[in-house]
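Throughout, read-outs are computed from the coordinates displayed, never taken from laboratory work. Since this is a predicted model, take the numbers as computed values, not measurements. Note that each Cβ is placed from the backbone with ideal geometry, even for glycine, and that neighbours are counted across all protein chains shown.
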Amino acid sequence: MSDFIDVKIDKEKLDRAIRIIPQALKFELGDAFDHVGRSFLGAFRKERLQGPPGVYGDGQYGLYGTFRRASLVSKTIEGMGLEIFSESKVSKRHEFGERVLPAQSALAVPIKAFSFNQAEMYTAGHRLKKKYKYPAELKKTFVITSRGKSYLVKWITGRLRFLYVFKPYVDVRARLEFYHTWDEMQGKIFTYINQAVDKALAKV
């Protein structure tokens, strides 16, 4: 639990600062929102993008790299704010969950359970290597069926390797918890805002 969990915005101080030193308050709030954005993304990256129970998505080229933060500029203090967002469809899929359907007959799902496949098909950052992102373009592969399931296989280093399993759909669980992480930071956010108000009032 956060040490800031019971903190609330001091509305009396905030109203006083808005009334007597609006420009100084705007400056301090702008700095506070910047701290809020960086603190949130740091916590989100650490808690939800390092693998289970979250997802693997750290780094510039992972899901982390799709998130942006922007300050909401306004002539009034009431209109100031912060926006943190991602336009990635993959981020949305991991946040809310989704059933992924194939464009054609079936989805070729990489088989990660085998240690060979982990080393052969994935980077150290747990991302699928470029040549394995498009199974239809792999050379010298063929399909075999075993126990009612179809697999895309290939001879590698003298052994038959099961690389993908064909599925009619894949259910992606909601496990990113972007909004939950934000809700957990509310007390810390209020603390940053109260500190900004105090800094502005100290200039009176």
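Per-residue extension of 0.36 nm, minus the Cα-Cα distance of ILE144 and LYS129, leaves a gain of 3.1 nm for this segment.
Computed 3J(HN,Hα) for the stretch 155-168, one whole-Hz value per residue from the Karplus formula 6.51 cos²θ - 1.76 cosθ + 1.60 where θ = phi - 60°, is 7, 9, 6, x, 10, 7, 10, 8, 9, 9, 10, 8, 10, x, glycine and proline marked x.
For the stretch 178-193, backbone phi angles converted through the Karplus equation (6.51, -1.76, 1.60; θ = phi - 60°) give residue-by-residue couplings of 4, 5, 5, 4, 5, 4, 5, 9, 4, x, 5, 4, 4, 4, 4, 5 Hz, Gly and Pro being listed as x. For LEU176, the residues 5 or more places off, or on other chains, whose built amide H falls under 5 Å of its own are GLU95.
Dividing the mean sequence gap of close Cα pairs (under 8 Å, 6+ apart) by how many residues the stretch 102-168 holds gives a relative contact order of 38 percent.
Residue exposure proxy: THR157, THR191, THR66, ordered by other Cβ atoms within 10 angstrom of their Cβ from fewest to most, comes out as THR157, THR66, THR191.
Taking the Cα centre of the chain as origin and assigning +1 to Lys and Arg Cβ atoms and -1 to Asp and Glu Cβ atoms, the resulting dipole is close to 1440 debye. Here Cα Rg over 2.2 N^0.38 Å was computed from the coordinates, and among [x] 1.32; [y] 1.46; [z] 1.18 the match is [y]. Close amide H pairs (under 5 Å, H built 1.01 Å from N) link TYR122 with LYS129, residues at least 5 positions away or on another chain. Using the Karplus relation 6.51 cos²θ - 1.76 cosθ + 1.60 with θ = phi - 60°, the per-residue 3J(HN,Hα) values for the stretch 137-150 come to 8, 5, 8, 6, 9, 8, 9, 10, 10, 9, 6, x, 10, 9 Hz, with x marking Gly and Pro.
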